[in-house]
Amino acid sequence: MKFDTPATTNPIDQLKVIGHATSRIDGPLKTTGRATYAYEWHDRPASPAYGYIVGAAIAKGRIASMDLSRARSAPGIIAIVTAENAGKLGKGNYNTAKLLGGPDIDHYHQAVAVVVAETFEQARAAAQLVKVDYAAAKGSFDLSAGRDGAAKPPGRGDDQPDTTVGDFPGAFASSPVQLDATYTTPDQAHAMMEPHASMAAWEGDKLTLWTSNQMIAWTTGDVAKTLGLPKENVRLISPFIGGGFGGKLFLRADAVLAALGARAANRPVKVAMQRPLMFNNTTHRPATIQRIRIGAGRDGKITAIGHESWSGNLPEGRPETAVQQTRLLYAGENRMTALRLAMLDLPEGNAMRAPGEAPGMMALEIAMDEMAERLGLDPIEFRARNDTQVDPEHPNRPFSQRQLVECMRIGAERFGWNKRNAEPGKQRDGRWLIGMGVAAAFRNNLLMKSGARVRLDRGGTVTVETDMTDIGTGSYTIIAQTAAEMMGVPLEKVVVRLGDSSFPVSAGSGGQFGANNSTSGVYAACVKLREAVAQKLGFNSAEIAFTDGQVTAGNRSVPLGQAASDGELAAEDSIEYGDLAKTHQQSTFGAHFVELGVDVATAEIRVRRMLAVCAAGRILNPTTARSQVIGAMTMGVGAALMEELAVDKRSGFFVNHDLAGYEVPVHADIPHQDTIFLDETDPMSSPMKAKGIGELGLCGVAAALANAVYNATGIRVREYPITLDKLLHRMPDA
Amino acid sequence: MKSFTYEKVSSPAAAASAVVSNSNAKFIAGGTNLLDLMKLEIETPSHLIDVNGLGFDKIEPTSDGGLRIGALVRNTALAADARIRRDYGLLSRALLAGASGQLRNKATTAGNLLQRTRCPYFYDTNQPCNKRNPGSGCAAIGGVTRQHAVIGASDACIATHPSDMAIAMRALDATVQTARPDGSIRDIPIADLHRLPGDTPHIETTLTSGELITSVTLPKPVGGTHIYRKVRDRASYAFALVSVGAIVQRDGTGRVAVGGIAHKPWRVEAAEAEMPHGAKAVAAHLLEGASPTKENAFKLSLVERTLGAVLTEAKG
Ligand SMILES: Cc1cc2nc3c(=O)[nH]c(=O)nc-3n(C[C@H](O)[C@H](O)[C@H](O)COP(=O)(O)OP(=O)(O)OC[C@H]3O[C@@H](n4cnc5c(N)ncnc54)[C@H](O)[C@@H]3O)c2cc1C
Ligand code: SF4
């Protein structure tokens, strides 16, 4: 189905199932431990062996020699695979660094071997006996040192590193009110609960991988490319994923090493990446240095806005696109953005939840708060004065929907924003300095082709199959709701099967594009199935209604299952998009409000209340949408207050590479969280009229906290995370 | 993890003979620290002697009005004990500030005292570390040191002792009772149990080979207001950046021990004389000779400010 004109009324608008708060249908499987996560298919494959990964001990250089003799003679050892004996390996389209290193080492903890043994414990013990001698080389590990040498990265299509509109330098220089500030965000880890894990089994030259992956088609292709197999010979199965946040968008070492280990061992092999390896072995969100300049008139209207961002990556890696939102969020006639990329020998930087906007909004939304203060304006009023209903770089492109100001105003009322004392450091509650902060939320809505197959059996059960994934987000549930709405059956009559490369290719889970696109793909397939049902039952499909398990036209009504009485009916289709995303800018908007306390003696920061107001198209399921947003708000608290991969700039690795060292919020850090979804439908986005929500909830949260810290203390911290040592020396006497 | 043999002993004598006949043996209690370190091959005992059956799991009054805490009393049980809560509130509060409920259910009094540092370089076996691998160097010095010691450290090691409980024990003047393999027993004042790193950071305590902790004794209660203040970025389930354990009497005198800043619970009795004069005076004495890194210099003012808050709180 081609979607190239705005959606009109369609069966989804009935809202009998869609739009209703619905608990996740896969919940019972998870709470009873029956969900088959990658490492946990206890019934298959038969008698697997276990692989344990050896990570490189240096950040850059070469393996001078490797001695496997002691490991080989350890109890239970079946095979050891290294780059030397693995055979020729390709590199996946979505990988920057090789997944099996050697002889060259590209980053710390890059896999250099997988040790396969009868038991996990034997593999782990033998892995310690693998002796590797390295010839270390000098590397670059310090972004701030590499800043001056950073280059302009190549553009990709419409996605260019630099943009300019009007005369930014001139307009900025002549603005009566100016801000020129630099902000930094650290390297961050996905740190999801389930590690990267895979089980591999070969049948001849056909490979089955049970894995944990967000993007089945990308990864199937990259497995084939890496191992030199035809794509048809690779089957990926990934029905349950214990969190990904972008860390599982791509093929990673666990899958490649499970496959290589299984080939060498001549039997199935399972590999779970050990937690202390995850932080340096896999990808992370790269650190940024961001310079923001804003010039405005005394009327509070922005006349010049400039945003430059520096990040680092391995050769061939991409920059963190932290200036993205600044191209779209606020008005201003003179504009510039620029991305610069330094070559670093740290582990591979890549997408993490809301790449670009998450770190970009961390900086921009502090800058807006600073600017509002300079103008003597309330930060909400300042944003309202600079609202724009068109893409400010291309004013002929209107936003499809944009309710940023509404989000802010509704949030302000709900949160009691008027109780905030605009003068910082004035609100006290016992030993706590109290502050409130606000920030805009913004994240683009991406349209991606997505396919599905739907099948109807004679009992009236509808089965949906798509390679879409559910990374804990609720895909199973909203897909079931979509099929139920379209086919007029209750939710219990829908079976959803996901995450299998033998199913039609979907958008996958990433970039908050999963929900809208994958359900639209299911919509398209259901439209086809409805036609097939109508034809089978001899109905004229124009006036036909699918309700309560019945197909009705005029006064004839037949049970839906009857259409499959002499055999299952199946239909497959995908949603494909025209150029509505070119003619209209599609984005999601919101506002984040935070109240927190700062201990006057210790400068410890404790959040008290949070509110997010979101305008993100049709909310398909308020329960799962809320879970996405409060989860994202939690992640934003981590980004603001504690998350930082600490770089050892001498040896080039992230030092705090376990969950004791890399702190993420715990329950005690998270207070009452509220969410409000504005009633919105976006006919430009898809037949579902929905947009993304999963990343919007993160973008801006950290800045709202930073602004609240400022309001509480009068101390402006521009380097994340805002830990107490950055406040302490400027705190008032207790 | 290296393979090891395991036995469970039911008497101190059996523990002693097990330790004598196995040169590379270790006691295991709750296992919450030891097993993690064994998985990473930071600890590589060839024999584990499980002491959970020794019956050291009671809290009993002593003849001079104190309490004897069995070495195997779980952190949860110790924190919840009515006598501890009433007379040694500092200990209860310090325990509850540590780890998580699940861990405290397993963790024992002796194991807690003997837990090893959380220096991230100690945990990464690719890195040089004098504590893990004597003579290999110290990767932390010149590296990421926000958590490390600011006082009492050496050129060989700048690690901290991570225990919360030990800070309270130190302020309470606890003594540690032990049994040696030859059957002799002794009392070690808590102040003498942990060592500064010096040139031998791998030798962390004054216990001798095979010496078993049997109990920890608290002297008669000293009254006063008991406050344990643990400072950290994350609200729970994080080791202290700095912690202050204090007992403050009505006249402003008292005791204070500090965690998160040294290789052992940090207490300077002479500094306590300054308590009536406020936190600044105490901190100046307490931190005399401190040599922080650029990254952890904030701990000096954090100690002073936290202590200030504690003294204010004690005044009520
Ligand atoms: C995730 C995590 C978070 C934590 N957070 C904190 C925290 O915030 N604050 C804090 O204070 N602690 C914290 N801890 C540490 C925890 O308190 C210790 O792991 C625990 O107290 C150790 O007790 P155990 O009985 O399990 O010791 P074990 O692991 O059994 O033993 C530890 C050591 O003591 C020796 N040993 C044990 N019993 C005896 C004995 N009777 N005589 C002689 N030697 C003995 C063992 O040989 C071993 O060397 C944390 C631990 C973890 C895993
Ligand atoms: S500080 Fe101590 S524990 Fe840490 S690396 Fe140095 S020697 Fe090892």
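The values are calculated or read from the model by the stated rules, or taken from the named source; none is laboratory data. Source: prediction; values computed, not measured. Here the Cβ positions follow ideal geometry from the backbone for every residue, glycine too, while neighbour counts run over all protein chains shown. Note: accessible area is taken over every heavy atom of the protein model, side chains too, but ligands, DNA and RNA are not part of it. Shrake-Rupley method; radii C 1.70, N 1.55, O 1.52, S 1.80 Å.
Look through B:Gly142, B:Gly152 and report the one residue that is of a type in the set (Gly, Ala, Ser), more than 8 Å from ligand 2 (Cβ to nearest atom) and in contact (Cβ under 8 Å) with a residue 24 or more places away in the chain.
Only one candidate passes the filter, namely B:Gly152.
Restricting the first residue to the stretch A:440-461 and requiring it to be assigned by TED's automatic domain parsing to the domain that holds A:Asp682 and modelled with pLDDT under 95, which pairs with a second residue that is hydroxyl-bearing (Ser, Thr, Tyr) and not in a loop (DSSP other than H, G, I, E, B) meet a Cβ separation below 6 Å and a spacing of at least six or different chains?
none
Can you tell me which residue within the stretch B:210-242, out of those that are of a type in the set (A, V, I, L, M, F, W, C) and within 14 Å of chain A (Cβ to nearest Cβ), is most open to solvent (accessible area, probe 1.4 Å)? Can you show your working first?
Within the stretch B:210-242, the subset of a type in the set (A, V, I, L, M, F, W, C) is B:212-213, B:216, B:218, B:222, B:227, B:231, B:235, B:238-242.
Subset that is within 14 Å of chain A (Cβ to nearest Cβ): B:227, B:231, B:235, B:238-242.
Numbers: B:Ile227: 10, B:Val231: 0, B:Ala235: 26, B:Ala238: 9, B:Phe239: 81, B:Ala240: 24, B:Leu241: 9, B:Val242: 0 Å².
Residue satisfying both the conditions and the ranking: B:Phe239.
Contact list please: Cβ distance under 6 Å, first residue in the stretch B:79-96 and closer than 19 Å to B:Leu113 by Cβ, second residue open to solvent by 10 Å² or more (accessible area, probe 1.4 Å) and among the charged types (D, E, K, R), pairs at least six apart or on different chains.
B:Ser92/B:Arg85; B:Ala94/B:Asp164
Scan A:Gly51, A:Gly76, A:Gly61 and give me the residue that is within 29 Å of the chain's Cα centre (by Cα) and small (Gly, Ala, Ser).
Criteria check complete, one pass: A:Gly51.
Quick one: which residue in A:Lys88, A:Lys131, A:Lys152 is surrounded by fewer than 18 Cβ atoms within 10 Å (Cβ to Cβ) and either within 14 Å of another protein chain (Cβ to nearest Cβ) or among the aromatic types (Phe, Trp, Tyr) (or both)?
Testing whether each residue is surrounded by fewer than 18 Cβ atoms within 10 Å (Cβ to Cβ) and either within 14 Å of another protein chain (Cβ to nearest Cβ) or among the aromatic types (Phe, Trp, Tyr) (or both) leaves just A:Lys131.
Would you pick out the residues in the stretch A:388-440 that are within 14 Å of chain B (Cβ to nearest Cβ), assigned to a loop (DSSP other than H, G, I, E, B) and open to solvent by less than 60 Å² (accessible area, probe 1.4 Å)?
A:Gly430
Quick one: in the stretch A:713-734, which of the residues that are away from chain B (no Cβ under 14 Å) and basic (Lys, Arg) is nearest to A:Gly435 (Cα to Cα)?
A:Arg716
Does the stretch A:603-629 hold any residues that are in a helix (DSSP H, G or I) and either over 19 Å from A:Arg24 (Cβ atoms) or of a type outside the set (S, T, N, Q) (or both), and which are they?
A:Pro622, A:Ala625, A:Arg626, A:Val629
For the stretch B:188-197: of the residues being assigned to a loop (DSSP other than H, G, I, E, B) and open to solvent by 30 Å² or more (accessible area, probe 1.4 Å), which is nearest to ligand 1 (Cβ to nearest atom)?
Of everything passing the filter in the stretch B:188-197, B:Arg195 is nearest to ligand 1 (Cβ to nearest atom).
Quick one: would you say B:Thr253 is among the polar types (S, T, N, Q), open to solvent by 50 Å² or more (accessible area, probe 1.4 Å) and over 21 Å from the mean Cα position of the chain (by Cα)?
Numbers: among the polar types (S, T, N, Q): yes; open to solvent by 50 Å² or more (accessible area, probe 1.4 Å): yes; over 21 Å from the mean Cα position of the chain (by Cα): yes.
Against the criterion (among the polar types (S, T, N, Q), open to solvent by 50 Å² or more (accessible area, probe 1.4 Å) and over 21 Å from the mean Cα position of the chain (by Cα)), B:Thr253 qualifies.
Considering only the stretch A:294-311, state which residues are surrounded by fewer than 24 Cβ atoms within 10 Å (Cβ to Cβ) and closer than 21 Å to A:Pro153 by Cβ.
Within the stretch A:294-311, A:Gly306, A:Glu308 meet the criteria.
Checking B:Ala271 against (1) free of Cβ contacts under 8 Å to residues at least 24 places away in the same chain; (2) more than 12 Å from every other protein chain (Cβ to nearest Cβ); (3) not in a helix (DSSP H, G or I), which test does it fail?
Looking at each condition in turn, B:Ala271 falls short on (3).
Are any of the residues in the stretch A:213-224 touching a residue at least 24 places away in the same chain (Cβ under 8 Å), aliphatic (A, V, I, L, M), open to solvent by 10 Å² or more (accessible area, probe 1.4 Å) and touching a strand residue (DSSP E or B) at 6+ places or on another chain (Cβ under 6 Å)?
No, every residue in the stretch A:213-224 fails to be touching a residue at least 24 places away in the same chain (Cβ under 8 Å), aliphatic (A, V, I, L, M), open to solvent by 10 Å² or more (accessible area, probe 1.4 Å) and touching a strand residue (DSSP E or B) at 6+ places or on another chain (Cβ under 6 Å).
Among the numbered criteria (1) without any contact (Cβ under 8 Å) to a residue 40 or more places away in the chain; (2) of a type outside the set (Phe, Trp, Tyr); (3) within 11 Å of ligand 2 (Cβ to nearest atom); (4) open to solvent by less than 10 Å² (accessible area, probe 1.4 Å), which one does B:Ala159 miss?
(1)
Among the residues in the stretch B:22-39, are any more than 14 Å from chain A (Cβ to nearest Cβ), away from ligand 1 (no atom under 14 Å from the Cβ) and either open to solvent by 70 Å² or more (accessible area, probe 1.4 Å) or out of contact with any Pro (no Cβ under 7 Å at 6 or more places or on another chain) (or both)?
Checking the stretch B:22-39: at least one residue is more than 14 Å from chain A (Cβ to nearest Cβ), away from ligand 1 (no atom under 14 Å from the Cβ) and either open to solvent by 70 Å² or more (accessible area, probe 1.4 Å) or out of contact with any Pro (no Cβ under 7 Å at 6 or more places or on another chain) (or both).
With the requirement that a residue be within 9 Å of ligand 2 (Cβ to nearest atom) and either open to solvent by less than 20 Å² (accessible area, probe 1.4 Å) or within 12 Å of chain A (Cβ to nearest Cβ) (or both), what does the stretch B:107-117 give you?
Matches in the stretch B:107-117: B:Thr117 only.
Residues that are modelled with pLDDT under 95, assigned by TED's automatic domain parsing to the domain that holds A:Ala646 and open to solvent by 20 Å² or more (accessible area, probe 1.4 Å): does the stretch A:685-704 have at least one?
no
Being over 30 Å from A:Met1 (Cβ atoms) and either within 14 Å of chain B (Cβ to nearest Cβ) or under 26 Å from the mean Cα position of the chain (by Cα) (or both) is the filter here; which residues of the stretch A:683-712 pass it?
Correct list: A:Leu698, A:Cys699, A:Gly700, A:Val701, A:Ala702, A:Ala703, A:Ala704, A:Leu705, A:Ala706, A:Asn707, A:Ala708, A:Val709.
Part of a loop (DSSP other than H, G, I, E, B) and within 16 Å of ligand 1 (Cβ to nearest atom), is that true of B:Gly252?
no
Taking the criterion of being closer than 21 Å to A:Met362 by Cα, away from chain B (no Cβ under 14 Å) and surrounded by fewer than 23 Cβ atoms within 10 Å (Cβ to Cβ), would at least one residue in the stretch A:627-643 satisfy it?
yes
Which ones in the stretch B:121-138 are under 18 Å from the mean Cα position of the chain (by Cα) and either within 14 Å of chain A (Cβ to nearest Cβ) or more than 16 Å from ligand 2 (Cβ to nearest atom) (or both)?
Residue satisfying the conditions is B:Phe122 alone.
Tell me which strands (runs of 3 or more DSSP E) are completely within the stretch A:470-553 and hold 3 or more residues being buried (at least 18 other Cβ atoms within 10 Å of the Cβ), or say none if there are none.
A:494-497
Give the residue that is nearest to ligand 1 (Cβ to nearest atom), with candidates limited to residues of the stretch B:113-170 that are closer than 27 Å to B:Ser301 by Cβ and of a type in the set (Phe, Trp, Tyr).
Ranking the candidates gives B:Phe122 first.
Is it the case that the stretch A:196-210 has a residue that's at positive phi, open to solvent by 10 Å² or more (accessible area, probe 1.4 Å) and of a type outside the set (D, E, K, R)?
yes
From the list B:Ala99, B:Ala149, B:Ala79, exactly one residue is of a type outside the set (D, E, K, R), crowded, with 17+ Cβ neighbours inside 10 Å, under 17 Å from the mean Cα position of the chain (by Cα) and on the phi > 0 side of the Ramachandran plot. Which is it?
The unique qualifying residue is B:Ala99.
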